[in-house]
Amino acid sequence: QVQLVETGGGLVQPGGSLRLSCVTSGSFFRFYVMGWYRQAPGKQRELVARITIDGSTDYADSVKGRFTISRDNAKNTVYLQMNSLKAEDTGVYSCNRVSYGPWTWGKGTQVTVSS
């Protein structure tokens, strides 16, 4: 069973940056489109960024130009570089595959943007 472990969250001031990491167990990582999801307080989980097997990326309009997703297939890891953070970026960030139904969700990592 694939396990997902997200790290890198924290408290940051508006305009600040964070880099999130998500390590997946197993050797299947490189075969899947991977995404970063965000669940803001009181809202449903939403996909904010995804990356294909060959590295093509796509972003939600709310984060376009500020967030960058990347992956290292040798390390079974997907990253999310978040710049120019805003209060509305606050939430729990999780990673998962985008297609074929999600693996069991990890705990996620909390990102809080506040002055």
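The values are calculated or read from the model by the stated rules, or taken from the named source; none is laboratory data. Source: prediction; values computed, not measured. So basically every Cβ, Gly included, is an ideal-geometry build from the backbone, and we count neighbours across all protein chains shown. In case anyone asks, the SASA skips ligands and DNA or RNA and just uses the protein heavy atoms, side chains included. Shrake-Rupley method; radii C 1.70, N 1.55, O 1.52, S 1.80 Å.
In the range 80-92, the residues that are touching a residue at least 24 places away in the same chain (Cβ under 8 Å) form Cβ pairs under 6 Å with partners that are hydroxyl-bearing (Ser, Thr, Tyr), at six or more places apart or across chains, as follows: Gln81/Thr68; Asn83/Ser17; Thr90/Thr112. Restricting Gly8, Gly42 to those that are free of Cβ contacts under 8 Å to residues at least 60 places away in the same chain and over 18 Å from Val98 (Cβ atoms) reduces the list to Gly42. The condition of being under 21 Å from Tyr100 (Cα atoms), surrounded by 15 or more Cβ atoms within 10 Å (Cβ to Cβ) and among the β-branched types (Val, Ile, Thr) holds for only one of Val48, Val63, that being Val48.
Can you tell me which residues in the range 1-39 are assigned to a strand (DSSP E or B) and open to solvent by 40 Å² or more (accessible area, probe 1.4 Å)? Step through it out loud before you land on a result.
Going residue by residue through the range 1-39, those that are assigned to a strand (DSSP E or B) are 4-7, 10-12, 18-24, 34-39.
Those that are assigned to a strand (DSSP E or B) and open to solvent by 40 Å² or more (accessible area, probe 1.4 Å): Val5, Thr7, Leu11, Arg19, Val23, Gln39.
Note on the range 95-115: among residues that are in contact with a helix residue (DSSP H, G or I) (Cβ under 9 Å, 6 or more places away or on another chain) and in a loop (DSSP other than H, G, I, E, B), the one that is most open to solvent (accessible area, probe 1.4 Å) is Ser115.
Name the one entry in Leu11, Leu85, Leu47, Leu18 that is over 18 Å from Val113 (Cβ atoms) and out of contact with any His (no Cβ under 7 Å at 6 or more places or on another chain). Residue meeting the stated conditions: Leu47.
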